[in-house]
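Notes for the one structure printed next.
The values are calculated or read from the model by the stated rules, or taken from the named source; none is laboratory data. Computed from a prediction, not measured in an experiment: that's the story for all the values here. Positions of Cβ are generated from backbone atoms using ideal geometry, with glycine treated the same way; all protein chains shown enter the neighbour counts. The protein model used for the area step is the full one, side chains on, heavy atoms only, and it has no ligands, DNA or RNA in it. Shrake-Rupley method; radii C 1.70, N 1.55, O 1.52, S 1.80 Å.
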Number of protein chains: 2
Amino acid sequence: MTEPLKKVLGAQVRDLRRARRLSQEGLAEELGVSTRYLAGIERGERNLTLDSVDALAEQLGVEARSLIVRR
Amino acid sequence: MTEPLKKVLGAQVRDLRRARRLSQEGLAEELGVSTRYLAGIERGERNLTLDSVDALAEQLGVEARSLIVRR
């Protein structure tokens, strides 16, 4: 079974956060979300809508597809 | 502004349906959804969740990312 998109999203957000040397608290604050919410995204548990992925990508300053396609 | 993911999804589903020489009614029936619902997806109006994109891809027999990344 191919990897669920939300798992790919979680891994990509985590990699991006670490590359920017941010803690979950730090990135959550930047995004204006709770640390708990961000942790859920990174664990691949949050079933975001496509619009939410677009918004998250815009906030992170990356292409939306880069969040849901493994490099 | 990069193209919203749901617009990309709509175009990819439409291309795939046409490649398979199916009408919207025909594909909707295969998927077990209403033609109205499928038409909304193809117009890029339906804000699907990542799990729904995974399920749609599985039903179509394609990789989920192929539905949300423009060829």
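Quick notes on this structure:
- Distance from the alpha carbon centroid of region A:5-39 to that of region B:1-37 works out to 32 angstrom.
- Relative contact order (%) - chain B, alpha-carbon pairs under 8 angstrom, separation at least six: 44 percent
- Accessible surface of region B:5-62 [probe 1.4 Å, protein heavy atoms]: carbon and sulfur percent: 44 percent
- Drop in accessible area of at least 10 Å² in the complex versus isolated chain, residues of region B:1-50, 1.4 Å probe: B:MET1, B:THR2, B:PRO4, B:LEU5, B:LYS6, B:ASN47, B:LEU48, B:THR49, B:LEU50
- Sum of side-chain charges, B:GLY26 neighbourhood, beta-carbon under 10 Å (Lys, Arg +1; Asp, Glu -1): 0
- Surrounding net charge for B:GLY44, when Lys and Arg each add one and Asp and Glu each subtract one, Cβ distance under 10 Å: +2
- Cα-based reach from A:LYS7 at 18 Å (exclusive), listing aspartates and glutamates while leaving out same-chain residues under 8 positions away: A:ASP15, A:GLU42, A:GLU45, A:ASP51, A:ASP54, A:GLU63, B:ASP51, B:ASP54, B:GLU58, B:GLU63
- The trypsin sites (Lys or Arg not before Pro) found in region B:1-37 that occupy coil by DSSP, while having at most 12 further C-beta atoms within 10 Å, are B:ARG20, B:ARG21.
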